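Here the structure comes first, spelled out in structure tokens, and everything after it is commentary.
The values are calculated or read from the model by the stated rules, or taken from the named source; none is laboratory data. This is a predicted model, so every value here is computed, not measured. Cβ atoms come from the backbone with ideal geometry, glycine included; neighbour counts cover every protein chain shown.
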Amino acid sequence: MRPCLAVLDRALARAGGPAVDWLELPAGAGAYRSTGDALPTASLAEARRADAILLAAMGDPTVRYPDGREMTPQIDLRMELGLYAGVRPVRSIAGIGGPLSDPRAARLDFVIIRESTEGLFAHFRDGEIEGDNAAHDRLTITRAGSERVIDFAFRLAAERAGGGERRPLLTLVDKANVFRSYAFMRRIFDERAAKFPAVATSRIYVDAMAMEMVRRPWTFDVVVTENMFGDILSDLGAGLIGGLGFAPSADIGDEHAVFQPCHGTAPDIAGKGIANPTAMILSGAMMLEWLAERAGARQTAIAGRLVRAAVDDAFAGGGLVPFELGGTADTAVIGAAVLAALDRVEV
């Protein structure tokens, strides 16, 4: 978080934008250990008042609720604030290799939209266990929930095309051949598609999608899917661009938004100063651009683009290699490299 805040402040200053008043709030496993509450009431209240929320990774597998579940304040925030659209960009960074040899895989740029309040997460607090014989969790998909996230995805696809000659494409990922809930979501998708004729559409089953993300991920533009499928596929997308250390995300609703890296914590390296801050920095860039849309602040949008350009510039030469990829660039080194790049990039 520390290098991310430094980068965002520098980018805003360079763009001539407003300064940010950062308010640090407790939440997560540490807060639970201290207070017995993973998302204190005061933290939630302040988050509601904030213009945006930048969320650090905050879990710890050794700190769990009595029923064995981990702390998930990020899910609590999604439910409490109605953050229905989980935006997970899959964008290659020059100088960071992925696992695919095809040169087209070095230029990936697509977005997975994960419905973030329904699906298999809708009842995550009330799963049932029958003694030692069975366990049950419910999956829920509603018309209202599906319509709002599908419309969000259609609008994003149109925005990404930018009015150019390329026709945007929105792909629905489901399992409509087996489950009634997904067939219901597909029917809603078909209905909403009629309202966005400028956007091409396709439909694919989730198992086939996993295969195609490895075979030809460059064919996708915007993808929309149910909560659990989006959770899994977005990690696969992160693997295509070098790992979770490079994967930002946002959870967006009609009134609020949370921005956070796709990764969780890494207790095995805590305190060593070697965690890769890139995903957090890129999540901050998404936050600045979202704030620009909300307030119409052009300078904030410029600052977001500057951050992304600085990340690209810092890694472009191939010499900045984080620890998780076998290199020696630690948290401070990567943060300093992105700060330095901010002084030379243009957007």
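Note on the range 278-300: residues that are charged (D, E, K, R) and touching a Cys at 6+ places or on another chain (Cβ under 9 Å) amount to 0. Exactly one residue among G273, G253 is surrounded by fewer than 24 Cβ atoms within 10 Å (Cβ to Cβ) and at positive phi, and that residue is G273.
Of the residues making up the range 189-210, those that are out of contact with any Leu (no Cβ under 9 Å at 6 or more places or on another chain), of a type in the set (A, V, I, L, M) and closer than 16 Å to R155 by Cβ number 2. Restricting the range 330-347 to residues that are among the β-branched types (V, I, T) and touching a residue at least 60 places away in the same chain (Cβ under 8 Å), the residue that is farthest from A15 (Cα to Cα) is T331. Remark: L44 falls outside the filter, which requires a residue to be part of a loop (DSSP other than H, G, I, E, B), touching a residue at least 12 places away in the same chain (Cβ under 8 Å), over 19 Å from M286 (Cβ atoms) and over 19 Å from the mean Cα position of the chain (by Cα). For the range 322-331, give me each residue that is more than 23 Å from the chain's Cα centre (by Cα) and among the hydrophobic types (A, V, I, L, M, F, W, C). The one that is more than 23 Å from the chain's Cα centre (by Cα) and among the hydrophobic types (A, V, I, L, M, F, W, C): A329. Considering the range 208-231 alone, what residues qualify as being in contact (Cβ under 8 Å) with a residue 24 or more places away in the chain and part of a helix (DSSP H, G or I)? Once the filter is applied, which keeps residues that are in contact (Cβ under 8 Å) with a residue 24 or more places away in the chain and part of a helix (DSSP H, G or I), the range 208-231 yields M209, A210, M213, V214, P217, W218, N227, M228, F229, G230, D231. Under the condition of being under 18 Å from I75 (Cβ atoms) and surrounded by 11 or more Cβ atoms within 10 Å (Cβ to Cβ), the residues counted in the range 14-44 number 14. The residues of the range 148-192 that are closer than 18 Å to V111 by Cα, assigned to a helix (DSSP H, G or I) and among the hydrophobic types (A, V, I, L, M, F, W, C), listed by number, are V149, I150, F152, A153, F154, L156, A157, A158, A161, F189. Quick check on P66: is it more than 21 Å from the chain's Cα centre (by Cα), without any contact (Cβ under 8 Å) to a residue 40 or more places away in the chain and assigned by TED's automatic domain parsing to the domain that holds H123? It is false that P66 is more than 21 Å from the chain's Cα centre (by Cα), without any contact (Cβ under 8 Å) to a residue 40 or more places away in the chain and assigned by TED's automatic domain parsing to the domain that holds H123. Looking at R88, R107, just one residue is closer than 27 Å to I334 by Cβ, touching a Cys at 6+ places or on another chain (Cβ under 7 Å), modelled with pLDDT of 95 or more and not small (G, A, S), and that residue is R88. Residues in the range 104-138 that are surrounded by fewer than 18 Cβ atoms within 10 Å (Cβ to Cβ) and touching a strand residue (DSSP E or B) at 6+ places or on another chain (Cβ under 6 Å): D109, E128, I129, A135, H136. Screening the range 58-76 for residues that are crowded, with 20+ Cβ neighbours inside 10 Å and hydrophobic (A, V, I, L, M, F, W, C) and picking the one that is nearest to W290 (Cα to Cα) gives M58.
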